[in-house]
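Colleague: Can you keep this structure in mind? I'll have questions shortly.
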Amino acid sequence: MDDKGVKFVIGIYEDEDVLLDAISSVRAKGVNIYEVYSPFPVHGIESRLGYKRSRLSIAAFCFGFLGTCLALTMMIGMTTIDWPMIIGGKDFLPLPVFIPVTFEMTVLLSAFGMVGTFFVISDLKPWGKPKTFDLRSTDDKHVMAIEIEKNNMSEAALKKLLKSNGASEANSKLMDE
Amino acid sequence: MKDIFDFNIGIKKSLLYLFLGGLLLSIIGIYQLINSGHGHEESTEIVNAYISDDGHSEFHWYKRVYSNLWINVVYFLGISISAIFFVAIQYVSQSGWSAGILRVPLAIGRWLLPGSVLMLIVFAITNHDIFHWTHEYLYDKSDPRYDYVIDGKKAYLNLPFFLGRMAFFLGIWYFFYALILKHIAKEDKLGGTESWKKLFTISTVFVVIYAFTQSVAAWDWVLSIDTHWFSTMFGWYVFASWWVSALALITYMIITLKDNGYLSFINHSVIHDLGKFVFAFSVFWTYIWFSQFLLIYYANIPEETIYYVERLESDFYFPFFIVNLILNFFFPFFFLMTRASKRFTRFLKVACPMILFGHFIDFYLMVTPGVLKENGGFGFLEIGVLMVFLSAFLYVILSGLTKLPLVAKNHPMLEESLHHDI
């Protein structure tokens, strides 16, 4: 193993309640947690980790608004400006008729945009490589990763801290950035 | 923690003032109406040419009073039954989050019995003036006013069948409400999960029955005013309006009770969920409203468009049409969109009364153009009658709130409600 990459200390937890308490006490010691991986959603973990609220909903609004504008531009451009046609005796600008398509486009772009944004920001993009600290986090173990360089404590001290907070194992691992 | 709602003399006094104020405004309104003669009479709108039946469209001042009475009767009865429907839905879905707040919609349901009695009385007084189809001559071929279209609907729209349906709906709704109340009182006394399981069964049956009866009730009580016209969306439309008003009232009452030191165990997540309900069903109402509008607008068949011609082409009703959309869609949609606005009560405290008033306007627009044609008005009388009904309604539901403890201490899912976290 060469020395390139970033070194992490990894704590393995068996139980989510132990994990939640461990997160609180590790953070209380001033340790900066890189990320926690769980095989299933753990209730209340975001607030324990001190995560700020996701801004995904803002992205959703922006994409939705883009969809509204695109749909209206498309329909007004086609049926009002470019090639006006009388359909069902309506105006060239029949706004009520445009509403269903506008609504669908808003929902479609909002949903696609949200999924796309989520994939990009959580490293699930096709060209990205997801970080897997310990394969067992996809099975039945919770994994807490701590970046050694970002903390003042030594590797041994971190391992000891994790062990004392209920971790069944504390390993170290090199990850390439 | 205050366990039982204290319906003290202060609240009763302010309700009395509300009642007296409403009565005063109504009297002023009626006085104005009598003195002003017929207001804007003899309309030359195409509307009247289509609807009127030679000589019957004559306007009397009391018709406007009747139309107001009917709007309020239907509106408040609808809120009340929708609140009971809310309770039933919580039991059917076996929800835990709402266990702590169920006493509030349950209290709103107390209006069902007085509301039903009022409905029967108001119908007995106003039938010919509100429901055009109740006139005998429409079905008499020898009479010049014979109406071929309405005669075709005679099998459904006749007085005995109509009254039978009304009595049946009100009766069966009250029967289920009484059953729900009985088992909830039993749960308070005995505990255990027996009552909860029973309530699940009762609620399931009630929800199915309500789905059918509510739709038919909406055709009877609101749609049949415009006798020639019909809409297949109407049952849903009225349901959506009732339902979102009930949700807004439940939310507003819970927030107000919490501000006054009751229901202190209700956390922000429960309020947030209620806010989501109000937001979501405002959009649902718009969806139904617009679906009804779009189909008629697109097909452009005169028999159908007349309903919107009456409302859109009229200088008087058109502003209400716009206000209806603004209050019930644009305002809640943008105002309650963010998470913070649903989580903090000061936003909901503004939004809920606005939505409640918006849906009153919605019912006003459903009933008034059909009853009064171009003679409709909105002034002291409308506000006054609304205040009178509101004070009676609040009196009944607030005294209903005192009859059971505010916390369902034996509800098997109460813990989940107390620790609800989203």
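Colleague: Within the stretch A:37-46, can one find any residue that is surrounded by 14 or more Cβ atoms within 10 Å (Cβ to Cβ) and in contact with a strand residue (DSSP E or B) (Cβ under 6 Å, 6 or more places away or on another chain)?
Modeller: Checking the stretch A:37-46: at least one residue is surrounded by 14 or more Cβ atoms within 10 Å (Cβ to Cβ) and in contact with a strand residue (DSSP E or B) (Cβ under 6 Å, 6 or more places away or on another chain).
Colleague: Quick one: in the stretch A:152-177, which of the residues that are assigned to a loop (DSSP other than H, G, I, E, B) and surrounded by fewer than 19 Cβ atoms within 10 Å (Cβ to Cβ) is nearest to the chain's Cα centre (by Cα)?
Modeller: By that ranking, first place goes to A:177.
Colleague: Continuing with this model, one more query. In the stretch B:390-406, is there at least one residue being in contact with a strand residue (DSSP E or B) (Cβ under 9 Å, 6 or more places away or on another chain), within 27 Å of residue B:276 (Cβ to Cβ) and not in a helix (DSSP H, G or I)?
Modeller: Looking for residues that are in contact with a strand residue (DSSP E or B) (Cβ under 9 Å, 6 or more places away or on another chain), within 27 Å of residue B:276 (Cβ to Cβ) and not in a helix (DSSP H, G or I), one finds at least one in the stretch B:390-406, hence yes.
Colleague: From the set of residues in the stretch B:304-322 that are in contact (Cβ under 8 Å) with a residue 40 or more places away in the chain and of a type in the set (Asp, Glu), which is nearest to the other protein chains (Cβ to nearest Cβ)?
Modeller: Ranking the candidates gives B:304 first.
Colleague: Could you check how many residues of the stretch A:103-151 are among the polar types (S, T, N, Q), modelled with pLDDT under 90 and surrounded by 17 or more Cβ atoms within 10 Å (Cβ to Cβ)?
Modeller: Residues that pass the stated criteria total 2.
Residue-wise test of (1) within 25 Å of residue B:73 (Cα to Cα); (2) under 14 Å from the mean Cα position of the chain (by Cα); (3) of a type in the set (Asp, Glu).
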residue	(1), (2), (3)
B:198	no, no, no
B:211	yes, no, no
B:229	yes, no, no
B:237	yes, yes, no
B:274	no, no, no
B:278	yes, no, no
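Colleague: In the stretch B:285-311, which residues are surrounded by 14 or more Cβ atoms within 10 Å (Cβ to Cβ) and over 20 Å from residue B:235 (Cα atoms)?
Modeller: Answer for the stretch B:285-311, where residues must be surrounded by 14 or more Cβ atoms within 10 Å (Cβ to Cβ) and over 20 Å from residue B:235 (Cα atoms): B:298, B:309, B:310.
Colleague: With the requirement that a residue be of a type in the set (S, T, N, Q), farther than 30 Å from residue B:369 by Cα and part of a helix (DSSP H, G or I), what does the stretch B:228-277 give you?
Modeller: Of everything in the stretch B:228-277, those that are of a type in the set (S, T, N, Q), farther than 30 Å from residue B:369 by Cα and part of a helix (DSSP H, G or I) turn out to be B:251, B:256, B:269.
Colleague: Now a separate question. Working carefully through the options A:106, A:117, A:79, find the one that is polar (S, T, N, Q), within 30 Å of residue A:5 (Cα to Cα) and outside the structural domain of residue A:49 (by TED's automatic domain parsing).
Modeller: That would be A:117, the only listed residue that is polar (S, T, N, Q), within 30 Å of residue A:5 (Cα to Cα) and outside the structural domain of residue A:49 (by TED's automatic domain parsing).
Colleague: Among the candidates B:294, B:325, B:274, which residue alone is over 20 Å from residue B:225 (Cβ atoms) and in contact (Cβ under 8 Å) with a residue 60 or more places away in the chain?
Modeller: That would be B:274, the only listed residue that is over 20 Å from residue B:225 (Cβ atoms) and in contact (Cβ under 8 Å) with a residue 60 or more places away in the chain.
Colleague: If a residue must be within 14 Å of chain B (Cβ to nearest Cβ) and either over 15 Å from residue A:59 (Cβ atoms) or polar (S, T, N, Q) (or both), how many such residues does the stretch A:94-119 contain?
Modeller: Here the count works out to 13.
Colleague: So which of B:338, B:345 ends up being within 30 Å of residue A:59 (Cα to Cα), touching a residue at least 12 places away in the same chain (Cβ under 8 Å) and of a type in the set (Ser, Thr, Tyr)?
Modeller: B:345
Colleague: Here's a follow-up. Restricting attention to the stretch B:289-303, report how many residues are within 16 Å of residue A:89 (Cα to Cα) and away from every other protein chain (no Cβ under 12 Å). First the steps, then the outcome.
Modeller: Pass one, the stretch B:289-303, residues within 16 Å of residue A:89 (Cα to Cα): B:294-302.
Subsequent filtering for residues that are away from every other protein chain (no Cβ under 12 Å) retains B:302.
So the answer is 1.
Colleague: Shifting gears a bit: Please determine whether any residue of the stretch B:241-264 is under 23 Å from residue B:339 (Cβ atoms), crowded, with 20+ Cβ neighbours inside 10 Å and within 14 Å of chain A (Cβ to nearest Cβ).
Modeller: no
Colleague: Pairs only if they're at least six apart or on different chains, beta carbon under 6 angstrom, first in the stretch B:19-30 and over 14 Å from residue B:390 (Cα atoms), second part of a helix (DSSP H, G or I) and small (Gly, Ala, Ser); list them, first residue then second.
Modeller: Close Cβ pairs (under 6 Å, with a partner that is part of a helix (DSSP H, G or I) and small (Gly, Ala, Ser)) amount to B:29/B:384.
Colleague: Could you check, for the stretch A:58-79, whether at least one of its residues is within 12 Å of chain B (Cβ to nearest Cβ), of a type in the set (S, T, N, Q), surrounded by 14 or more Cβ atoms within 10 Å (Cβ to Cβ) and more than 30 Å from residue A:138 (Cβ to Cβ)?
Modeller: For the stretch A:58-79, residues within 12 Å of chain B (Cβ to nearest Cβ), of a type in the set (S, T, N, Q), surrounded by 14 or more Cβ atoms within 10 Å (Cβ to Cβ) and more than 30 Å from residue A:138 (Cβ to Cβ): absent.
Colleague: Taking only the stretch A:23-57 into account, find how many residues are more than 18 Å from residue A:162 (Cβ to Cβ), more than 14 Å from every other protein chain (Cβ to nearest Cβ) and in contact (Cβ under 8 Å) with a residue 40 or more places away in the chain.
Modeller: Residues meeting the conditions: 1.
Colleague: Another one. Would a scan of the stretch B:383-406 turn up a residue that is buried (at least 20 other Cβ atoms within 10 Å of the Cβ) and either within 14 Å of chain A (Cβ to nearest Cβ) or charged (D, E, K, R) (or both)?
Modeller: No, the stretch B:383-406 has no match at all.
Colleague: Being more than 16 Å from the chain's Cα centre (by Cα) and at pLDDT 95 or above is the filter here, so list the residues in the stretch B:213-227 that pass it.
Modeller: none
Colleague: What do you reckon, is residue A:34 farther than 30 Å from residue B:334 by Cα and in contact with a His (Cβ under 6 Å, 6 or more places away or on another chain)?
Modeller: Answer is no for this residue.
Colleague: Assuming residue B:348 fulfils every condition listed in (1) in contact with a helix residue (DSSP H, G or I) (Cβ under 6 Å, 6 or more places away or on another chain); (2) under 22 Å from residue B:373 (Cα atoms) apart from one, which condition is it?
Modeller: Going through (1) in contact with a helix residue (DSSP H, G or I) (Cβ under 6 Å, 6 or more places away or on another chain); (2) under 22 Å from residue B:373 (Cα atoms) one by one, residue B:348 breaks only (2).
Colleague: Right, next: For residue A:84, indicate whether it is touching a Phe, Trp or Tyr at 6+ places or on another chain (Cβ under 9 Å), within 14 Å of chain B (Cβ to nearest Cβ) and either more than 29 Å from residue A:10 (Cα to Cα) or modelled with pLDDT of 85 or more (or both).
Modeller: So residue A:84 fails the test.
Colleague: Which residues, counting only those in the stretch B:407-422, are within 14 Å of chain A (Cβ to nearest Cβ) and out of contact with any Phe, Trp or Tyr (no Cβ under 9 Å at 6 or more places or on another chain)?
Modeller: Scanning the stretch B:407-422 gives B:419, B:421.
Colleague: Output the residue which, of all residues in the stretch B:265-288 that are among the aliphatic types (A, V, I, L, M) and away from chain A (no Cβ under 13 Å), is farthest from residue B:110 (Cα to Cα).
Modeller: Across the stretch B:265-288, the extreme among qualifying residues is B:288.
The values are calculated or read from the model by the stated rules, or taken from the named source; none is laboratory data. Keep in mind that what you see is a predicted model, and the values were worked out from it rather than measured. Heads up, the Cβs are rebuilt from the backbone with ideal geometry, glycines too, and the neighbour counts pull from every protein chain shown.
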